[in-house]
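Here it is: the structure, laid out below.
The values are calculated or read from the model by the stated rules, or taken from the named source; none is laboratory data. Model, not experiment: these values are computed from the prediction. Here the Cβ is made from the backbone with ideal geometry for all residues, glycine too, and neighbour counts use every protein chain on show. Quick note on the areas: whole protein, heavy atoms, side chains included, nothing else; ligands and nucleic acids left out. Shrake-Rupley method; radii C 1.70, N 1.55, O 1.52, S 1.80 Å.
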Amino acid sequence: LIQFLAQPLEEAECEMIRLACRGAGTNESLLYPIICGRSNEDMQVLKKTYFEKYEKDIAIALDGELSGDFEKLIFYSLQAAEEEFNEEYHTEEKADEDADAFYEAGQGSWGTDEGKMFKILVNSPPEYLEMVDAKYSEKYGYTLWKAMEKELTGYAEKAAVFIFGMKIRPAETVAK
C-alpha cells in the first residue's frame, strides 16, 4: 500500500491494473473502479501513462483477460467517448427516446442487449443521464440503477452501476 501511495495516482492505478491481470485469473473487482466512471480526459491520461510505463496499450494488455458483458463494458469505457453536454442535442425528447431504448434493450425485450445499454450509459454526460433516468423512472416505475440490477449480472452489473453512480452521485459512489 505504501508503495502505491508514494507514486503519482495514474502510475499507481496502472500498476494496480497490471497486478489485477497477473497470474491465473483476473481480479475484476480491482479493475472496474479504476477503469469505469472516468472522464474522457482522465481516461486519456490513464491510457497514456500505462503505455509510457509498460510500452503496451492498455486495451491490448486487457485483451484476453476479460470476457462477456464485463469485457464489453470495460472496452466501451476505454474508448473515452462520453459526449459533452449540449442542451440543443441532449433534449427532453432525446432523453425520452433513450429511456425507451434502454427499456427495449433490457426489460422490454426477450434477452438483454447489453451493448445498447452500455453505449447509453458510457456515452451520456451526467446532466443528460439524469434526464434519461428521470424519464425512465416516470415511464417504467423505477430508476436506471434498478433496471441495471435486474438485467445485468456479475461484474458487468457492478461496473455498470458503478459508472452510473460516478456520473450521478460520485461522492457517494466513491465512499462505498
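Kindly check whether there is at least one residue in the range 147-169 that is touching a Gly at 6+ places or on another chain (Cβ under 9 Å), over 25 Å from Glu28 (Cα atoms), without any contact (Cβ under 8 Å) to a residue 60 or more places away in the chain and open to solvent by 20 Å² or more (accessible area, probe 1.4 Å).
No: zero hits.
Quick check on my filter: what residues within the range 90-118 are assigned to a loop (DSSP other than H, G, I, E, B), small (Gly, Ala, Ser) and under 18 Å from the mean Cα position of the chain (by Cα)?
Across the range 90-118, the qualifying residue is only Gly106.
Yes/no per residue for (1) within 19 Å of Asn40 (Cα to Cα); (2) in contact with a helix residue (DSSP H, G or I) (Cβ under 7 Å, 6 or more places away or on another chain); (3) not acidic (Asp, Glu):
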| site | (1), (2), (3) |
| --- | --- |
| Glu88 | no, no, no |
| Thr91 | no, no, yes |
| Ala95 | no, yes, yes |
| Asn123 | yes, no, yes |
| Ala160 | yes, yes, yes |
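Just the residues that are within 13 Å of the chain's Cα centre (by Cα) and either at positive phi or open to solvent by less than 30 Å² (accessible area, probe 1.4 Å) (or both), please, taken from the range 119-128. Reasoning before the result, please.
Looking only at the range 119-128, we keep the residues that are within 13 Å of the chain's Cα centre (by Cα), and these are 119-126.
Residues satisfying the conditions are Ile120, Leu121, Val122, Asn123, Ser124, Pro125.
Given (1) in a helix (DSSP H, G or I); (2) within 26 Å of Glu151 (Cβ to Cβ); (3) among the polar types (S, T, N, Q), where does Thr49 come up short, assuming only one miss?
(2)
Is there a residue being β-branched (Val, Ile, Thr) and within 30 Å of Lys135 (Cβ to Cβ) anywhere in the range 86-93?
yes
May I ask you to say which residue of Glu87, Glu127 is out of contact with any strand residue (DSSP E or B) (no Cβ under 8 Å at 6 or more places or on another chain) and not in a helix (DSSP H, G or I)?
Just a single option satisfies the conditions, and that option is Glu87.
Also, quick follow-up: Looking at Lys47, Lys53, which is the one that is under 20 Å from Phe162 (Cβ atoms) and either open to solvent by 50 Å² or more (accessible area, probe 1.4 Å) or free of Cβ contacts under 8 Å to residues at least 12 places away in the same chain (or both)?
Exactly one residue qualifies, and that residue is Lys47.
What residue, among those in the range 28-37 that are touching a residue at least 24 places away in the same chain (Cβ under 8 Å) and open to solvent by 50 Å² or more (accessible area, probe 1.4 Å), is nearest to Glu10 (Cα to Cα)?
Pro33
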